[in-house]
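Everything below concerns the one structure shown next.
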Amino acid sequence: MEVVLLEDVKALGKKGQIVKVNDGYARNFILPKKLGVEANTKNLNDLKLQKANEAKVAAEQLAEAKALAAKIDELSVTVSIKAGEGGRTFGSVSTKEIAKAAADQLHLDIDKKKMVLTDPIRSLGTFEVPIKLHKDVTAKLRVKVTEA
């Protein structure tokens, strides 16, 4: 019997996959637990429509991420930090402060977890902080660190 999986099933397949299983396994395990449905024409058509809808949504999200990346690439934020003699800073600038500065100055809600800082910023100057908006789209926000 062929079954369309509605959820990931260990050692069988992933969601949306069409797999061939024994009749008893399908009747006694997969169908009662709603892990899959029989692969008839109606269910196959529903699966095709669902995949088309998911592809459309993914394309829209990618377009939105590209538009936001183009906007972010042109912007910059200023973060001030305490500094001593010779421009030596006390502490560092983290993604939390950069996200707060972006919200205050640019009115953009950027998640601090999407910012990719390998090391915290510990000096004065201008830095480019990569922001991962989508798996294929990364924007660069200029961060100007000044003395408070």
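Compared with the dominant principal axis of the Cα atoms in the chain, helix 95-106 is inclined by about 80°. Pair-distance distribution of the range 56-128: all C-alpha pairs, bin width 5 Å, starting at 0; shares per bin in whole percent are 3, 14, 21, 23, 16, 10, 6, 3, 2, 1, 0, 0. Taking the C-alpha atoms only, the angle from helix 41-73 to the longest principal axis of the chain is near 10 degrees.
In a solvent-free Debye calculation with one equal scatterer on each Cα, what is log10 I(q)/I(0) for the range 2-63 at q = 0.13, 0.18, 0.26 Å⁻¹, listed in the order of the q values? These q points yield log10 I(q)/I(0) values of -0.38, -0.64, -1.05. Comparing PHE127, PHE90, PHE29 in a Gaussian network model of the chain, where Cα atoms under 10 Å apart are tied by springs, the biggest mean-square fluctuation is seen for PHE29. Across all directions, the average flat footprint of the convex hull enclosing the Cα atoms of the range 19-100 is 11.1 nm².
When the pairs LYS56/LYS112; LYS14/LYS113; LYS100/LYS140; LYS10/LYS48; LYS82/LYS114; LYS96/LYS140 are compared against a 18 Å limit on Cα-Cα distance, LYS56/LYS112; LYS14/LYS113; LYS10/LYS48; LYS82/LYS114 fall above it.
Of LYS42, LYS71, LYS56, the residue with the greatest mean-square motion in the GNM of the chain, using alpha carbon springs below 10 Å, is LYS42.
Only Cα pairs within less than 10 Å get springs; with that Gaussian network setup on the chain, which residue of THR138, THR118, THR95 has the largest fluctuation? For the chain, modelled as a Gaussian network with Cα springs under 10 Å, the answer is THR118. Out of every Cα-Cα pair that the chain contains, those further apart than 19 angstrom amount to 65 percent.
Throughout, read-outs are computed from the coordinates displayed, never taken from laboratory work. This one's a predicted model, so the numbers in the text were calculated from it and none came from an experiment.
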